[in-house]
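What follows is a single structure, written as C-alpha cells, with notes after it.
What follows is calculated from the coordinates using simple rules that are stated; it is not laboratory data. Just so it is clear, the model here is predicted, and its values are computed rather than measured. Because the Cβ atoms are built from the backbone with ideal geometry, glycine has one as well, and the counts that use them run over all protein chains shown.
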C-alpha cells in the first residue's frame, strides 16, 4: 500500500514524512480522535508480512507501551489498516543528538547532563526487562527545554529473526540497514554495536551499556569511537580496537573516565553490569575540582602557617635554653660602662647631633 501525505490511517491523518530508515518510515500525523499530533512509524512490508516477527514485535510494543518515563518516547499503540502495520508514538519535537554532534563536540557539562538522562531512561527500561539494542545518537531526541527522549526502545528485538537463544546475525538487524542500500548491509548502527552483538551472539542489558559508552564518548569528543568508512570496518574496530583515552577532553572528570572504561570493556563479564551504577557515578562527577590557582594559594597559605609554627617552636626552644636556673644571675661579660656616671648635656629631647662642650665643661 502506497503511503502519501494527507492519507488517513484509521483515525490518524498523515501530515508530513519526517524520517526513514531500516525500521520503516516515520510520519508526523494528527490523531483526529484526540486532536493531538503524533508520530506514525509504518513498518516495512518484509517485516509486517512475517507472522512470527509481527507477533513478537507486537509483544515488544505492548511492553514498551507500559513504560512511563520522561526520557522515553511513549508508545500509544500498534495498528493495522488495509494490510499496513504501523506504530503510533509520541511526537518529540527537536533535533536528534546526531544532528547536534555534526556541529562538534558538546561542552563537558552538557554532555554529562545528556548522559545522566540517557542512563535514567535505560535504567527504567531495564527494570521492566526492555533492552534497546540500537542505542545511538540518531535515536536520541533533544527538546528545546534540554530534555532527552529516547526512541525505538526494544523494537530491534521485535523485528529481528527468531531463535531459541535470541541470537541474531547483525546483518539481519533491521536497524542496521538504511534507505537506498542493499538489505542486510551494516551501515548506520555498526559503530554502536557491542562486540557480542557484532558477533551475532545473545545480548542482554550490557549491550545497551556498551552503546551508552559509545554515545557518551561521542558527546565528549565529537567523533564516533568506532566509526569507520564501511560497516564491516566499524565492526572490525569494535572487535579489535581499544579506545585512545587521550582523546577525551582534559577537563573530563576522573569519575566519567572510570565509567567509560567500564562501559567499553569488550568482555561483557568485565563490563559494568547495571546502568544504575553509571548513573550514580555520573552524579558524583558533579563535585567541583579546585581551580589550579586555588590549589596554589592553598599551598602558599599552608606553607606560611607551617613556617610560622616552626619559627615559634625554635624561639621557644632558644629561650628555654637561655633562661637561668633558679637562684642564678645572668652575666653579660665585661661591660666597659659599668659604674659610669652620666650627666644631662642638653634640654632637647631625642637625638642631638651637633652638641658642643663649653670651656667650663658644661
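What is the packing order of peptides 89-96, 128-135, 30-37, taking the mean over residues of other C-beta atoms within 10 Å and listing the highest first?
On the way: 89-96: 16.9, 128-135: 21.5, 30-37: 12.2.
Taking the mean over residues of other Cβ atoms within 10 Å, the ranking is 128-135, 89-96, 30-37.
Assuming R0 = 51 Å, what is the FRET efficiency of residue 109 and residue 52, from their Cβ-Cβ distance, to the nearest 0.05?
Working: r = 46 Å, r/R0 = 0.91.
Plugging the Cβ-Cβ distance into 1/(1 + (r/R0)^6) gives 0.65.
At R0 = 30 Å, how high is the FRET efficiency between residue 280 and residue 90 if r is their beta carbon distance? Nearest 0.05 is fine. Walk me through the intermediate numbers first.
Details: r = 28 Å, r/R0 = 0.93.
Computed FRET efficiency for residue 280 and residue 90: 0.60.
Order of 77-84, 137-144 by packing, highest average Cβ count within 10 Å first? Kindly include the intermediate steps, with their values, before the conclusion.
Numbers: 77-84: 13.9, 137-144: 19.0.
Top to bottom by mean Cβ count within 10 Å: 137-144, 77-84.
If you build the Cα gyration tensor of the stretch 8-90 and take the root of 5 times each eigenvalue, what three semi-axes come out, in whole angstrom, biggest first?
They are 19, 17, 12 Å, listed from largest to smallest.
Neighbouring Cβ atoms within 10 Å as the yardstick, rank 238, 46 fewest first.
Starting with the residue having the fewest Cβ neighbours, the order is 46, 238.
Per q in 0.12, 0.15, 0.22 1/Å, what log10 I(q)/I(0) does a Debye calculation on the alpha-carbon atoms of the stretch 1-139 return?
Evaluating at q = 0.12, 0.15, 0.22 Å⁻¹ gives log10 I(q)/I(0) of -0.55, -0.84, -1.47.
Length gain on complete extension for the stretch residue 5 to residue 242, per 0.36 nm per residue less the alpha carbon to alpha carbon distance? Please list the in-between numbers first.
Working: separation 237, 0.36 × 237 = 85.32 nm, distance 4.64 nm.
Length gained between residue 5 and residue 242: 80.7 nm.
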